[in-house]
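Read the figures in this text as sums done on the coordinates, not as results from a lab. What you see is a predicted model, and the numbers here were worked out from it, not measured in a lab. Cβ coordinates were reconstructed from backbone atoms using ideal geometry, including for glycine residues, and neighbour counts include every protein chain displayed.
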2 protein chains.
Amino acid sequence: MIKKEFSLEYAHRLLNHGCVVLVTSHFRGINNILTLSWQMPISSRPKLFALAISKKHFSNKLIRKSKELAINVPGRNLIKEVHLCGSYSGKKVNKFDKAKLSPIAANFITAPLIEECFANIECKVRNMYNLGDHMLFIVEALRVLVDPKWFDGNFLKLNDSGIETLHHLGKDLYMVSGAVIKAR
Amino acid sequence: MIKKEFSLEYAHRLLNHGCVVLVTSHFRGINNILTLSWQMPISSRPKLFALAISKKHFSNKLIRKSKELAINVPGRNLIKEVHLCGSYSGKKVNKFDKAKLSPIAANFITAPLIEECFANIECKVRNMYNLGDHMLFIVEALRVLVDPKWFDGNFLKLNDSGIETLHHLGKDLYMVSGAVIKAR
């Protein structure tokens, strides 16, 4: 997949519709992948995102230590990999190996990006809050890479030639992105 | 629409797949409705949600003062109302009147709920953070009302008899919820 740089200005459009993501992290030689639904844009300028990650998750520890992560956006074609990465702990399993996903080097962070995802966002942690049974990580996007065939200008081109995102409903149930409609 | 109480335990399943919501607020006799995509669950116990609301929005002021809000979840049938409530300011327009939506009384908050939405979550604000060009409101869910025909047990029953949610892609483009699939 040949990816191109995408304007940070429109980075929120990758996640605005609430799709599942794969969060990659790295600390002292250890890489991990976390399947996450609880992430969203929270500021346009600067371009901030929030991610709620369970205190029990191994990725929580890696991200607290390294203060960086990447948000990787999978298409429907990766449903098995997405569910697998949400079903094992990185404490016990190298999820890049187990899911046969390919790590590629980022520019601004040491955590790897996932080659097979149609978009990757490199992020640095700016704040962390302890809220209930999760930590809320506030991150700033530094660089976005996308597969241009998934976009029409700065908009996601969903449901055109098999371009679909995944949205988690709970347990092993996922919703696939549906038709695109205009409000007027 | 006859609604029933829904278990707080599963309240996150209303928003887990990233749909657009209508946030209602009230302060000193003034009601407002805000169309919002930047909201998500962030803790299971207690049941917390985060909402990023632009500092420019009138609802931001009402919620900062009243420290309460309701999250109302619209179906696709309300696309015109959803887009209208995202296109006007409550400073100038009574959006309940303009969108012809019906306010109904909540139990734990003074802000009204929206009758026409298939689910309503009454919330109290627990924390507020000033982050970039938005405020991040951390709220605790106190009560959930749903139209039971939208659910199969504690799961959203999407794409069964016209049951569809809306997901904002940007400007006047929305994605409708698509097929539900199992990961294995």
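When the P(r) is computed for region B:1-110, the part past 23 Å accounts for 27% of the Cα-Cα pairs. Using R₀ = 22 Å, calculate the FRET efficiency as 1/(1 + (r/R₀)^6) where r is the Cβ-Cβ separation of A:LYS182 and B:MET1; round to 0.05. That pair, A:LYS182 with B:MET1, gives E of 0.25. Peptide B:41-54 is shielded by partner chain Cβ atoms: per residue, an average of 5 of them sit within 10 Å of its Cβ. The local environment of A:TYR129, defined by Cβ-Cβ distances under 15 Å, has a net charge of +3 under the rule Lys, Arg +1 and Asp, Glu -1. Taken residue by residue and averaged, Cβ atoms of other chains lying within 10 Å of the Cβ of A:18-25 number 3.
Taking label positions 7 Å along the Cα-Cβ direction at both A:LYS56 and B:LYS55, the computed distance is 3.9 nm, reported to one decimal. Bridging of B:LYS67 to lysines at a Cα separation below 16 Å is possible for B:LYS55, B:LYS124, once same-chain residues fewer than 8 apart are set aside.
Taking a ≥ b ≥ c as the square roots of the eigenvalues of the alpha-carbon gyration tensor, chain A is classed rounded because a/c is under 1.5.
Inter-part distance, region A:140-155 to region B:41-69, computed on C-alpha centroids, equals 29 Å.
What is the sum of charges, Lys and Arg at +1 and Asp and Glu at -1, for the other residues whose Cβ falls under 9 Å from the Cβ of A:LYS47? Walk me through the numbers before you get to the answer.
Values: positive: A:ARG45; negative: A:GLU9, A:GLU140.
Neighbour charge sum, excluding A:LYS47 itself: -1.
Return the FRET efficiency for the residue pair B:ARG64, B:LEU8: r is the Cβ-Cβ distance, R0 is 22 Å, and the value is rounded to the nearest 0.05.
Details: r = 25 Å, r/R0 = 1.12.
After rounding to 0.05, the efficiency reads 0.35.
With a simple spin-label model that places each label point 7 Å from the Cα along the Cα-to-Cβ direction, the separation between A:ASN77 and B:ASN77 comes to 3.8 nm. Rounded to the nearest 500, the 222 nm mean residue ellipticity of chain B from helices alone is -2500 deg cm²/dmol, with -39,500 (n - 2.57) taken per DSSP H run of at least 4 residues.
Which translational diffusion coefficient, to the nearest whole µm²/s, is obtained for region A:98-163 from the Stokes-Einstein equation, given a Kirkwood hydrodynamic radius over C-alpha pairs, 10 °C and 1.306 mPa s? Estimated diffusion coefficient is 111 µm²/s. Shielding value for B:9-17 is 4, the average number of Cβ atoms from other chains within 10 Å of each residue's Cβ.
Using the average count of surrounding beta-carbon atoms within 10 Å as a protection proxy, the listed peptides A:35-42, B:77-84, B:9-16 rank, highest first, as A:35-42, B:9-16, B:77-84. Starting from one equal scatterer on each C-alpha and no solvent at all, send me the Debye-based log10 I(q)/I(0) for the protein assembly as shown at q = 0.09 Å⁻¹, two decimals. Taking Cα atoms of the protein assembly as shown as identical point scatterers yields -0.46. The label point for B:LYS92 and the one for A:ASN94, both projected 7 Å from the Cα toward the Cβ, are 6.0 nm apart.
Give, as a single signed number, the net charge of other residues whose beta carbon lies under 11 Å from the beta carbon of A:LYS56, with Lys and Arg counted +1 and Asp and Glu -1.
Working: positive: A:LYS55, A:LYS61, A:LYS91; negative: A:ASP133.
Overall, the nearby charge balance is +2.
Given axes a ≥ b ≥ c from the Cα gyration tensor, I'd like to know whether region A:130-184 is rounded (a/c under 1.5), prolate (a/b larger than b/c) or oblate. Because a/c hits 1.5 or more and a/b fails to exceed b/c, region A:130-184 counts as oblate. Relative to a virtual label point 7 Å from the Cα of B:ARG126 in the Cα→beta-carbon direction, which members of region A:37-51 show backbone nitrogen distances below 17 Å? Answer for region A:37-51: A:38-39, A:51.
Farthest toward the dipole's positive end in chain A, which of A:MET135, A:LEU84, A:PRO74, given Cβ charges of +1 (Lys, Arg) and -1 (Asp, Glu) about the Cα centre? Of the candidates, A:MET135 comes out farthest on the positive side.
Compute, for the protein assembly as shown, the length of the dipole vector about the Cα centre, with Cβ point charges of +1 (Lys, Arg) and -1 (Asp, Glu) only. Units Debye, rounded to 20.
Working: 54 positive and 30 negative charges, 190 e Å.
Roughly 920 debye, rounded to the nearest 20.
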